[in-house]
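Asker: A single structure is presented below for examination.
What follows draws every value from the coordinates through simple rules; no lab data is involved. Everything numeric in this text was worked out from a predicted model, so none of it was measured. Cβ coordinates were reconstructed from backbone atoms using ideal geometry, including for glycine residues, and neighbour counts include every protein chain displayed.
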Amino acid sequence: MDKLDFNAEQYRRASGHQKEWGKEIIGQLPLSGYERIIDLGCGAGMLTAELAARVPAGFVLGIDSSDGMIEAAAKLASDNLSFSRMDINDMDFVEAFDVAFSNATLHWIKDHRRMLEAVMRSLRPCGWARFNFAAAGTGKPFDEAVGQVMKRPLFAAAFNDFQWPWYMPAGEEYDELVRSAGFREAKVWSENKDRWFDNSDVMIRWVDQPCLIPFLAVLPPADRQRFREEVVEEITRRTVGADGRCFVPFRRINLLARK
Ligand SMILES: C[S@@+](CC[C@H](N)C(=O)[O-])C[C@H]1O[C@@H](n2cnc3c(N)ncnc32)[C@H](O)[C@@H]1O
């Protein structure tokens, strides 16, 4: 499979809402300024840099599997902020951090039991985790649009062995999973962050970065543009209102858990 990477600059323009939610969470973290923090799926590092500013006597490590994102993030590195290209599924730290933070990323991780166990190992005693990621129901019009186009004769064969790229649990399901991973205290709650995009051009930026990336990666390059156009047409039809704005449901899972 041809790996299509995230485009850090396009993602930056398409991710205003993720960033807003992440900033709000960072502002509420009970930090003393001495913590060692890992940011899982740090993207281009803007929120990671905000975390570093909150812990001047501590340290933040941002990890991300995308070359493009880590290349962009590296420009923000400083005395207490560094970045490493690493897959969250491969992380293998032992009692290295006081806080594991993640914003708008963990729906890309399919095996959360394994990930939660790795996070537990990475935390020092009494360390804690604060995650925010997509919950069940997020982007339903995209799922329907792409699901329909994938079945069309030109594209169907390419998707024979396709694995759906995201895990988006409901709150109750995730609550059970976190408790069984052995955290001492855990609070899981869902949030409704449904969103009106100003027009279809703005909505389509979110379709391009990141939603379509795993789907385009399995198609021959010659078919990608047509696939994108057909998905864009389907999702626009499903989301656009009489005033030209586009409605997309976004639901979030929040986790605050202590080792
Ligand atoms: C929507 S972006 C969020 C970036 C940043 N946390 C923010 O809130 O702006 C999701 C990020 O997760 C990264 N990602 C996806 N799967 C990953 C994995 N298995 N390991 C590490 N990073 C991953 C992507 O490369 C991307 O940068």
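Asker: Over the Cα atoms of the range 65-139, compute the convex hull volume and normalise it per residue, giving Å³.
Answerer: Numbers: hull volume 8.5 nm³, N = 75.
That works out to 113 Å³ per residue.
Asker: Just to confirm a number: summing +1 for Lys and Arg and -1 for Asp and Glu over residues other than residue 258 whose beta-carbon lies under 14 angstrom from that of residue 258, what do you get?
Answerer: Numbers: positive: 124, 130, 179, 184, 187, 259; negative: 35, 98, 185.
Residues near residue 258 contribute +3 overall.
Asker: Next question, about the same structure. With +1 assigned to the C-beta of every Lys and Arg and -1 to the C-beta of every Asp and Glu, and no other charges, what is the dipole magnitude of the range 16-63 about the Cα centre in debye, to the nearest 20?
Answerer: Details: 4 positive and 5 negative charges, 14 e Å.
About 60 debye.
Asker: Turning to a different aspect of this structure: Would you mind checking the pairs 75/187; 23/140; 110/140 and listing those with alpha carbons more than 29 angstrom apart?
Answerer: Distance filter (> 29 Å) returns 75/187.
Asker: Assuming R0 = 30 Å, what is the FRET efficiency of residue 194 and residue 93, from their Cβ-Cβ distance, to the nearest 0.05? Please report the intermediate quantities before stating the final value.
Answerer: Working: r = 36 Å, r/R0 = 1.19.
The calculated FRET efficiency here is 0.25.
Asker: Angle between the Cα long axis of helix 140-150 and the longest principal axis of the chain, 0 to 90 degrees, nearest 10?
Answerer: Roughly 50 degrees between the two axes.
Asker: Loop only by DSSP, 11 or fewer other Cβ within 10 Å of the Cβ. Give me the trypsin sites (Lys or Arg not before Pro) in the range 168-254 that pass, ordered by residue number. Write out the running numbers ahead of the final one.
Answerer: Working: sites: 179, 184, 187, 193, 195, 205, 224, 226, 228, 237, 238, 245, 251, 252; in loops: 184, 193, 245.
The qualifying sites are 184.
Asker: Run the numbers for residue 71 and residue 84: contour at 0.36 nm per residue of separation, minus the present Cα-Cα distance, in nm.
Answerer: Result for the pair: 3.7 nm of gain on full extension.
Asker: Note the angle between two axes, namely the Cα long axis of helix 16-28 and the longest principal axis of the Cα atoms of the chain, as a number of degrees from 0 to 90, rounded to the nearest 10.
Answerer: Result, in degrees: 20.
Asker: Note down the nm distance, to one decimal, between modelled labels 7 Å out along Cα→Cβ at residue 50 and at residue 144.
Answerer: Output for this residue pair reads 3.2 nm.
Asker: Of the beta bridges DSSP finds with both residues in the chain, what % are antiparallel, to the nearest 5? Provide the component values of the computation, followed by the final result.
Answerer: Values: 20 of 39 bridges.
Antiparallel bridges: around 50 percent, rounded to the nearest 5.
Asker: With the calculation restricted to Cα positions, what are the radius of gyration and Dmax of the range 147-227 in angstrom?
Answerer: 17.8, 51
Asker: May I pose another question? Quick one: helix 221-239 against the long Cα principal axis of the chain, what's the angle to the nearest 10°, folded into 0 to 90?
Answerer: 90
Asker: Only loop residues by DSSP count here, and only those with at most 16 other Cβ atoms within 10 Å; note down the GluC sites (Glu not before Pro) in the range 83-174 that meet that. Please report the intermediate quantities before stating the final value.
Answerer: Values: sites: 95, 117, 144, 172, 173; in loops: 95.
Answer in residue order: 95.
Asker: Continuing with this model, one more query. More than 15 Å apart: what percent of Cα pairs in the range 27-84 qualify? Walk me through the intermediate numbers first.
Answerer: Working: 637 of 1653 pairs.
Distances greater than 15 Å cover 39 percent of the Cα pairs.
Asker: Pairs of alpha-carbon atoms within less than 8 angstrom and 6+ residues apart define the contacts here; what relative contact order does the chain have, in percent? Walk me through the numbers on the way to the answer.
Answerer: On the way: 480 pairs, mean separation 57.3, N = 259.
Relative CO of the chain lands at 22 percent.
Asker: Okay, next question. The chain: Rg/Rh from Cα coordinates, Kirkwood Rh?
Answerer: Details: Rg = 18.7 Å, Rh = 19.2 Å.
Looking at the chain, the ratio lands at 0.97.
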